[in-house]
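Enquirer: Dropping the structure in here first, questions after.
Laboratory data are not the source of any read-out in this text; all were calculated from the coordinates shown. This structure is a prediction, so every number in the text was calculated from the model and none was measured. Here the Cβ is made from the backbone with ideal geometry for all residues, glycine too, and neighbour counts use every protein chain on show.
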């Protein structure tokens, strides 16, 4: 029987070396210490280190075994706990049956919404007679090449056969206009923003333990309304002007935003210009089939004397519009985590948007009222001087000022 002093000495030595010893080295060191102590050495080392006497005995056998595991192995081949796939042969197949209908999109599967929860999957497997934990399920899913993933916006629906051709056409027109010193602008509407003390996705720095308190429910406040940002992005100058409307997103509002950008920024920068190029989406207030869009552009062309060339992106490709990833994404990032309580907050947040590449943004409030559902007659459209391009004239056209 070893005395307390000997046990304390072993304990001190063990904790001094503990961080430098792997599993194999620990049991072999313990075996050497136990052998050096003689009778009662195994019990003393076990008491000092917390190891089991069986581990120390295994270490003693290894010291005397010429066929002991090599230095780069912790235990003999086949040692350690057996994987659950070996002890429960049907476990992997059962897990695959649970997740397969979900990954294939069967909406009626009872575990349709549990695929994100390894705890729920483990509980379901246990009801089917398997002994398994959530950690084991997570490990098995990883081995089966599954991982938690979000949605990725890549499917654009049915693609127009001339989709890529239109992209090349727009790119060529932008380069040609920029080469001649003509303004080339990308224009579209950002999604409407509900005003009020409402949760806005994202985080912002605040004193610890003092999050911004917002309303529990995101119901729109009819007295505050919504903000409708319409942006005009100067592709060559990396500069944008955004009109924030309070009414409806109509073609009249869209052209009004372009007119405001020209009056406040474009006219001075492109003094003496005879024409302007606008790239826009195929739908919405600036859609290629929108008669009011063409009529309002005609009015603006008559006012300024400018030839307005328009190139529309193919249907379903609005995310390719340069204004989306050069302006609007940065605006969203700039006001993340900040409730858009008033129009002033929206306008100021937009105007404060900058990037490392030098983006400059100007923002103005448009308090005009725009009527929805305004129709344009065949006669009004016929009075517009529209010259369609040879290539997809429904997407690419010029509006010339009428001579009075």
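Enquirer: Jot down the radius of gyration and Dmax of the range 201-310, Cα atoms only, both in angstrom.
Expert: Rg, Dmax (Cα atoms, Å): 18.5, 59.
Enquirer: Helix 4-17 versus the longest principal axis of the chain: what angle, 0 to 90°, nearest 10, using Cα atoms?
Expert: 30 degrees
Enquirer: So for the pair residue 402, residue 162, with labels modelled 7 Å out along Cα→Cβ, what separation do we get in nm?
Expert: 2.8 nm
Enquirer: Test of understanding: in a Gaussian network model of the chain with alpha carbons linked when under 10 Å, which of 324, 96, 62 would top the mean-square fluctuation ranking?
Expert: Result: 62 has the largest fluctuation of those listed.
Enquirer: While we're on this one: Please report the antiparallel percentage of DSSP beta bridges with both residues in the chain, rounded to the nearest 5.
Expert: In the chain, approximately 55 percent of DSSP beta bridges are antiparallel ones.
Enquirer: Using the alpha-carbon atoms, what tilt in degrees (0 to 90, nearest 10) does helix 291-304 show relative to the longest principal axis of the chain?
Expert: 60 degrees
Enquirer: Moving on to the next point. Compute the long axis of helix 163-179 from its Cα atoms, compare it with the longest principal axis of the Cα atoms of the chain, and write down the angle in degrees, 0 to 90, nearest 10.
Expert: For helix 163-179, the angle is close to 60 degrees.
Enquirer: Please list log₁₀ I(q)/I(0) at q = 0.10, 0.14, 0.19, 0.21 Å⁻¹ for the range 259-367, using the Debye equation with identical point scatterers on the alpha-carbon positions.
Expert: Relative scattering, expressed as log10 I(q)/I(0), comes to -0.37, -0.75, -1.24, -1.32.
Enquirer: May I pose another question? If you average over every viewing direction, what projected area does the convex hull of the Cα atoms of the range 121-182 give, in nm²?
Expert: Mean shadow area of the hull around the Cα atoms is 8.8 nm².
Enquirer: Now for a different question. Can you figure out the FRET efficiency of residue 376 with residue 342, using R₀ = 25 Å and their beta-carbon distance, to the nearest 0.05?
Expert: Here the calculated transfer efficiency is 0.10.
Enquirer: Right, next: Kirkwood Rh and Cα-based Rg: tell me the resulting Rg over Rh for the chain, rounded to two decimals.
Expert: Result: Rg/Rh = 1.26.
Enquirer: Which three extents, in whole angstrom, do the alpha-carbon atoms of the range 4-64 cover along their principal axes, largest first?
Expert: Taking the Cα atoms of the range 4-64, the three principal extents are 28, 28, 17 Å.
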